Amino acid sequence: MKSRRPRSQDKVLKLLKQQNSELSAQQVYMQLRGTDHPLGLATVYRALEGLKLSGTVQARLLANGETLYSLTQADRHHLTCVQCGNSIALQDEECPVHALEQQLQRSSQFQIYYHTLEFFGLCVPCQKQQNEPQPKAKMT
Ligand SMILES: [Zn+2]
Ligand SMILES: [Zn+2]
């Protein structure tokens, strides 16, 4: 046996790696449905839960109650607009929390899998909407 991981988890993991983005359980299910060996939705949920418990995958709960899953290696942080709900991924490779994470792991002996860091506010289009009620006339 190469891996202790169940096949269903392998499949879900492979998909998350391929997509390189956050996916909901429903999206994972839909994507796998087109393959030779599709998984049932309940199996997808179980696989995601298993991957989460092993620290391979992290879950992010959106304001609308939907949970998005992504690989924990992808240390991605977001700017989330409270008005339109748009979520913009920060491309920052140097995460300031990493140093803190290592420090905490040493001091607390806690095995940290991942951390989350989110920023909430208004996106540019929503700011414009609030500040300028009239449509902007473009002068040339
Ligand atoms: Zn917005
Ligand atoms: Zn980070």
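Could you please rank ASP36, ASP10, placing first whichever residue has the fewest other Cβ atoms within 10 Å of its Cβ?
With the sparsest Cβ surroundings first, the list reads ASP36, ASP10.
Mind giving me the FRET efficiency for VAL82 and ARG5? R0 is 22 Å, r the Cβ-Cβ distance, nearest 0.05 is fine.
E between VAL82 and ARG5, to the nearest 0.05, is 0.05.
Given a Förster distance of 22 angstrom, what is the FRET efficiency for GLN103 paired with LEU68, based on the Cβ-Cβ distance and rounded to 0.05?
In this case the efficiency is close to 0.20.
What residues qualify as long-range amide H neighbours of SER24, i.e. H under 5 Å apart, gap of 5 or more or another chain, H built at 1.01 Å from N?
TYR69
Given labels modelled 7 Å from the Cα in the Cβ direction, how far is it in nm from SER21 to GLU94?
My value for the distance between the label points is 2.9 nm.
Using a/c under 1.5 as the rounded threshold, could you call the chain rounded, prolate or oblate? The axes a ≥ b ≥ c are square roots of the C-alpha gyration tensor eigenvalues, and prolate needs a/b larger than b/c, oblate otherwise.
oblate
For a quick protection proxy, order the peptides 102-111, 46-55 by their average other-Cβ count within 10 Å, most packed first.
With the highest mean Cβ count within 10 Å placed first, the list reads 46-55, 102-111.
List the extent of the Cα atoms of the stretch 17-86 along each of their three principal axes, largest first, rounded to whole Å.
40, 24, 20
HN-Hα J couplings of the stretch 60-69 from phi, Karplus 6.51/-1.76/1.60, θ = phi - 60°, integer Hz, Gly and Pro as x?
Couplings: 10, 8, 8, 4, 7, x, 7, 9, 10, 10 Hz.
Of TYR113, TYR29, TYR69, how do they rank once you tally other Cβ atoms within 10 Å and put the fewest first?
TYR113, TYR29, TYR69
Per 0.36 nm of contour for each residue apart, how much would the distance between GLN127 and ASP36 grow if the chain were fully extended, relative to their Cα-Cα spacing?
28.1 nm
No value in this document is a laboratory result; all are computed from the given coordinates. Quantities reported herein were computed from a predicted structural model and do not represent experimental measurements. Here the Cβ is made from the backbone with ideal geometry for all residues, glycine too, and neighbour counts use every protein chain on show.
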